[in-house]
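Since the structure comes first, as C-alpha cells, the remarks are kept for the end.
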Amino acid sequence: MEQGHADSLENSMKLERCLSVIGALLAVFASSAWAQDLGPHFRKIKDGIYVQSAREVNSTSSIILTEEGVVIVDTGQTPIDSREVMEAVRKLTPLPVRVVINTEVHPDHTTGNFVFSPPALVINAEGASDAMRKAYDPQRANVLAKESAEMREAVQDYRLVTPHIEYHDKTTLRVGERTFELLHFKNVHSEADTAVWLPNERVLFAASVAIPRSINNIRPFVSIPDILTAIRTMKSLNPEVVVPGHGSFGTTKIFDDSQRYYELLLERVGMMVRDGKSLDQIRRELRMPEYADWSYQERMPTNIEAAYRAVLNGRGQR
Ligand SMILES: [Zn+2]
C-alpha cells in the first residue's frame, strides 16, 4: 500500500475513533442530563427504570420504559406526585402508559390511578377492587383540594379507578422486551398486595411488606408469620435492587432488618405470654430499644397485638 494512502487511512480511522468517543460522551451527558431533568424526586435504578419518592416516608412510584410503552408501579403518594410522575414519563418517551400495577389497595398507592388510566390497564391481586370500593371516601378529592391551590389543580378530574385485571396467586406480564412477574402475598399489609419481580433486570418492587427503618401499621387481618414468609420468598429471588412501597430503594438488607425486627418481637411477646402476662401488660411493658429510631413508633401497639395473635395461634415460633 502506498505510504500517503496508508497515512490518510490511518488519519481517517483516528478521526472516526475520536468521533465515536465524542458520541459516547454526548450520550452519557444526555442520559445524565435526562435523569436530572426529571427533578430531585427521581432516581434512576437501571436503564429505563426510575423511581420517585417525594419524601423519605412517602410511597414510591416507579416508571419502567419498554419498547412497547410504559409500565407504572404505584401511582404516587398524592395526586401532585402522580402528575409529577406523568410529566417525567412525557420527558422520557412519546409512548403511552400501558399498564399500572398497584402493589396494595391504600390511597397513597392508588389514588393517582386516574392520572394514567385510561389508557392504562390497572392490575392488582384479587380482592383489590372490592377493598378499594369499600374504603372509597367520596369526599377524599374535596378534602385534598382544600390542602393547597396546587393540590386543587392536581385532583381535577379525580375519580376512583380500581384494577381492571385481578389475578389469583401469580401472573406474568410481558410488555415489550421486559418480563414482570407479579406475586400475590396474602395477609401482609392490605387486602391485596402485589410484589413485582423483573427477573432479567433483577429488580424487585417489594410492596409494603418491609419498609426501611419504619414500624408498619399492622391491621387486624395481617399476620406476622405471613409477613416473614413473604420476606423469605422475596429474599430467595436474590434481587439486586429492592424498591420498597415507601422510602429509599436499596438491597435485601431492607428484608434482613425487618425480619430481625419481627423475629425479635415474636420472641419477646412469646416469652411474656409464657410468663402468664396479659395483652394489656405486654402492651405496657414490652420495649424494643433496638428500633427506637425507626419512624412511626405510635404504630407499635398494632405490632404487639399482631405478635400476640401469632403466639396464641402457635405460630410465634421461628
Ligand atoms: Zn398501605
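The values are calculated or read from the model by the stated rules, or taken from the named source; none is laboratory data. Every value quoted in this text rests on a predicted model; they were computed, and no experiment measured them. Backbone-built Cβ (ideal geometry, glycine too); neighbour counts: all protein chains shown. These area figures cover heavy atoms from the full protein model, side chains too; ligands, DNA and RNA do not enter into them. Shrake-Rupley method; radii C 1.70, N 1.55, O 1.52, S 1.80 Å.
General observations
- Amide N proximity, segment 176-202 versus Glu67 label position 7 Å along Cα-to-Cβ, cut-off under 15 Å: 176-179
- Taking max minus min of the alpha-carbon positions on each principal axis, the chain gives extents of 98, 46, 36 Å, largest first.
- The antiparallel fraction among DSSP beta bridges confined to segment 54-157 stands at about 40%.
- Summed side-chain charge close to Glu290 - residues other than Glu290 whose Cβ falls under 14 Å, Lys, Arg +1, Asp, Glu -1: -1
- Low-density loop cleavage sites - trypsin sites (Lys or Arg not before Pro) in segment 110-157, where at most 14 other Cβ are within 10 Å (DSSP): Lys146
- Candidates Asn217, Asn303, Asn200, ranked by Gaussian network fluctuation over the chain, Cα under 10 Å, top entry: Asn200
- Cα-based helix-to-principal-axis angle, 300-312 vs the chain, degrees rounded to 10: 70
- Protection proxy ranking of 256-266, 282-292, by the mean of other Cβ atoms within 10 Å over each peptide's residues and highest first, is 256-266, 282-292.
- For segment 111-221, relative contact order (Cα pairs under 8 Å, six or more residues apart, normalised by length) works out to 24 percent.
- About its Cα centre, the dipole of the chain is roughly 980 debye, where the only charges are +1 on Lys and Arg Cβ and -1 on Asp and Glu Cβ.
- Rg and Dmax of segment 142-273, both derived from C-alpha coordinates alone, stand at 17.5, 54 Å.
- For the options Asp81, Asp280, Asp37, a Gaussian network treatment of the chain with springs between C-alpha atoms closer than 10 Å singles out Asp280 as fluctuating the most.
- Under the combined filter of DSSP loop state and at most 11 neighbouring Cβ atoms within 10 Å, segment 61-164 retains these GluC sites (Glu not before Pro): Glu67.
- Across segment 143-192, the relative contact order, built from alpha-carbon pairs under 8 Å that are at least six residues apart, equals 19 percent.
- Whether segment 62-116 is rounded, prolate or oblate, judged on the alpha carbon gyration tensor where a/c under 1.5 counts as rounded: oblate
- Nearest-ten-degree value, helix 3-37 long axis tilted from longest Cα axis of the chain: 30
- Rounded percent of accessible protein surface that carbon and sulfur make up, the chain, 1.4 Å probe: 53
- When you restrict to C-alpha pairs under 8 Å that are six or more residues apart and normalise by the size of segment 184-308, the relative contact order lands at 29 percent.
- Antiparallel DSSP beta bridges within the chain, as percent of all bridges there, nearest 5: 65
- When each of Lys44/Lys134; Lys46/Lys253; Lys170/Lys253; Lys186/Lys253 is checked by Cα-Cα distance, pairs over 27 Å: Lys44/Lys134
- Fully extending the segment from Arg260 to Arg133, taken as 0.36 nm per residue of separation minus the present Cα-Cα distance, adds 42.2 nm.
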